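The structure appears below as structure tokens.
The values are calculated or read from the model by the stated rules, or taken from the named source; none is laboratory data. Predicted, not measured: the structure shown is a model, and the values here were computed from it. Neighbour counts are summed over all protein chains in view; Cβ atoms, including those assigned to glycine, are modelled from backbone coordinates with ideal geometry.
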Amino acid sequence: MEADPSPRPLVSDNQPAGYQSAVRVIGLSAAAALPALADLSGLAPIEITGAENALAAALAQALQGAGVAAEIVDQPSGAARTVILTEGLQSGDLVERHWSVLAQACLAHTCLTHTGAAKIICLQETATDVLAQTGLAGLARTLRKEWATVETVCWAFETCDPELVVRALSNGLGDAAIAHDGSWRAQAIGPAMLPPSVQSAGQAEVWLVTGGARGVTATCTIELARRTGATFILAGRSAQAAWPDGIAKTADIKVLRAALAQQAKANGEKIKLPDLDGMARQALAGQEIGETLAAIAAAGGTAHYAQLDLSDDAAVRAQVADMQARFGQITGLVHGAGVLADRLALKKTRRDLDTVFGPKVLGLQSVLGALDVSVLSHVALFSSASAAFGNVGQADYAMANTCLNQIANRLASQVPGLRAKAFNWGPWDGGMVDANLAELFAAQGIGLIDRRDGARIFADQLLDGDPAEIELLAGDRWTVS
Ligand SMILES: NC(=O)c1ccc[n+]([C@@H]2O[C@H](COP(=O)([O-])OP(=O)(O)OC[C@H]3O[C@@H](n4cnc5c(N)ncnc54)[C@H](OP(=O)(O)O)[C@@H]3O)[C@@H](O)[C@H]2O)c1
């Protein structure tokens, strides 16, 4: 990801009536009842992975009772037409849970392609614990885009009930949240909204903004500063490095690398290319951090930078305690830290999942663990349209962002008075969207979010939006498979 050169205050008070990029609420459809059992013969034979043995056994029994051949397996074989994965029901390590479902789905896909049209069903339960969420709906949406001959769906149960699984199976249900009483709901995306018409009173005074010194989170934070005049502690891994002596300021990494190489040559130094690249990136990161701090101050806020890697839980706890001792209790949280590790699901590694879930989900867990969540008044999580629609190459990213969406919902339901928003952003004109990604989106007819518009959407919705609207989609709708 290239450094993003222009995190400046962007939005004027003279606003047009609507947004350039549509903003919609992501919610659930009206509840529908699962119809009674229908013919299951087209789905057989069925394999159930045995990660959750008791459930797998009860499910096999229920299917056999309905007259269908069903077998419990350690991993999918080539024999089945339908594979039901139970790994998502396991408790314990969150990344491992997502990885084991992805790995089993990939195995199933490799086998099932030999038998023509086939189905993989990922089971999960809706966690009541804020920090124990499962994002398999994002996986299913992504795999439907990547795989033509196998349809993957995700059923999220309040409590997984074998009889309900059988009824859902026999009715060919797509992705759904299924309640105890057998009613189900699907994801529903509302109409484009107008900006809020009233300003809310009582904003947070001290905000922690992960990833807030760089990229699109910086852009949004500057606008937040303009609206609130609050104190912002920006956290990121990069050092606030000084600009190298004797080198002209630039935001272009190629220009900077060339200038650094020339300087080294003139000084008779030999610097290897990767080191040169590292020096250039460090300088650009330092420059971007400095520009964001200055822009927040110019916008009327107070800004501090903390070099902090969210993957270091102990460091997060220690630094958050230190921040609160110095600047006061943190009551606003913006979580924008995130990285990509794009590649097709069949090529994903456990390491890719660690890379993507690390800052986004585990990092958020650490931050929430370090804060007094009960006093939070505002939480904004930077999620992605990849969660809502799935995206080729982004199985891990779609799952991680789906977890963020659920965490926002859980926090909103558990912390009285909290405004929690998960912004499912489409691609921005900036941040991690480089020229290659922008081209890929353009080819799909998906426009980029203008930075000024995105910052306005963010501040409007977080500060003044309807607290009942938790998951927001910003940007164009993507195709759904
Ligand atoms: N740009 C878009 O179009 C878009 C679309 C949808 C969603 N989003 C989401 O919006 C957020 C910001 O994206 P962006 O485009 O602005 O990306 P970006 O320019 O790459 O910025 C990512 C930020 O995350 C920080 N970060 C990454 N890993 C970290 C870690 N382990 N600990 C602390 N900080 C960490 C980075 O700082 P350091 O490098 O200094 O650590 C940087 O500030 C991400 O969560 C992304 O998923 C962006």
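Listing for the model above:
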read-out	value
The listed residue being away from the ligand (no atom under 15 Å from the Cβ) and farther than 30 Å from residue 160 by Cβ, out of 213, 230	230
Hits in the range 171-208 - residues which are in contact with a helix residue (DSSP H, G or I) (Cβ under 8 Å, 6 or more places away or on another chain) and of a type in the set (S, T, N, Q)	187, 199, 200, 203
Of all residues making up the range 194-245, the number that are at pLDDT 95 or above and at positive phi	3
Residue count, the range 349-392 (criterion: closer than 26 Å to residue 232 by Cβ and of a type outside the set (A, V, I, L, M))	15
Any hit, the range 311-329, residues being within 10 Å of the ligand (Cβ to nearest atom) and of a type outside the set (A, V, I, L, M)	yes
Any hit, the range 25-39, residues being over 30 Å from residue 191 (Cα atoms), in contact with a Leu (Cβ under 8 Å, 6 or more places away or on another chain) and of a type in the set (A, V, I, L, M, F, W, C)	no
Every residue from the range 216-227 that is near the ligand (Cβ under 10 Å from one of its atoms) and within 17 Å of residue 302 (Cα to Cα)	217, 218, 219, 220
Residue satisfying all of: in the range 417-449; outside any helix (DSSP H, G or I) and out of contact with any helix residue (DSSP H, G or I) (no Cβ under 9 Å at 6 or more places or on another chain); farthest from the ligand (Cβ to nearest atom) among these	417
Test: residue in the range 450-468 that is touching a strand residue (DSSP E or B) at 6+ places or on another chain (Cβ under 6 Å) and either assigned to a loop (DSSP other than H, G, I, E, B) or surrounded by fewer than 22 Cβ atoms within 10 Å (Cβ to Cβ) (or both)	yes
Matching residues, the range 381-403, being among the aliphatic types (A, V, I, L, M) and more than 12 Å from the ligand (Cβ to nearest atom)	392, 395, 399
Search result, residues across the range 106-137 that are in contact with a Cys (Cβ under 7 Å, 6 or more places away or on another chain) and of a type in the set (A, V, I, L, M)	123, 136, 137
Residue that is surrounded by the fewest Cβ atoms within 10 Å (Cβ to Cβ), among those in the range 385-441 that are polar (S, T, N, Q) and free of Cβ contacts under 8 Å to residues at least 12 places away in the same chain	436
Failed item, numbered, when residue 212 is tested on (1) assigned to a helix (DSSP H, G or I); (2) touching a strand residue (DSSP E or B) at 6+ places or on another chain (Cβ under 8 Å)	(1)
Of all residues making up the range 114-145, the number that are more than 30 Å from residue 410 (Cα to Cα) and in contact with a Gly (Cβ under 9 Å, 6 or more places away or on another chain)	3
Subset of the range 331-346 (residues that are within 16 Å of the ligand (Cβ to nearest atom) and either among the acidic types (Asp, Glu) or touching a strand residue (DSSP E or B) at 6+ places or on another chain (Cβ under 7 Å) (or both))	333, 334, 335, 336, 337, 338, 342
Filter result for residue 13 (of a type outside the set (A, V, I, L, M), modelled with pLDDT under 95 and under 30 Å from residue 296 (Cβ atoms))	yes
Where residue 299 falls short, out of the listed (1) free of Cβ contacts under 8 Å to residues at least 60 places away in the same chain; (2) more than 14 Å from the ligand (Cβ to nearest atom); (3) surrounded by 18 or more Cβ atoms within 10 Å (Cβ to Cβ); (4) of a type outside the set (S, T, N, Q)	(1)
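Residues checked against (1) more than 22 Å from residue 363 (Cα to Cα); (2) of a type outside the set (D, E, K, R); (3) at pLDDT below 95:
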{"site": "67", "(1), (2), (3)": "yes, yes, yes"}
{"site": "83", "(1), (2), (3)": "yes, yes, no"}
{"site": "94", "(1), (2), (3)": "no, yes, no"}
{"site": "105", "(1), (2), (3)": "yes, yes, no"}
{"site": "110", "(1), (2), (3)": "yes, yes, yes"}
{"site": "116", "(1), (2), (3)": "yes, yes, yes"}
{"site": "126", "(1), (2), (3)": "no, yes, yes"}
{"site": "130", "(1), (2), (3)": "no, yes, yes"}
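Condition check ((1) surrounded by fewer than 22 Cβ atoms within 10 Å (Cβ to Cβ); (2) in the same structural domain as residue 58 (by TED's automatic domain parsing); (3) outside any helix (DSSP H, G or I)) across all residues:
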site	(1), (2), (3)
138	no, yes, no
143	no, yes, no
148	yes, yes, yes
152	no, yes, yes
160	yes, yes, yes
163	yes, yes, no
172	yes, yes, yes
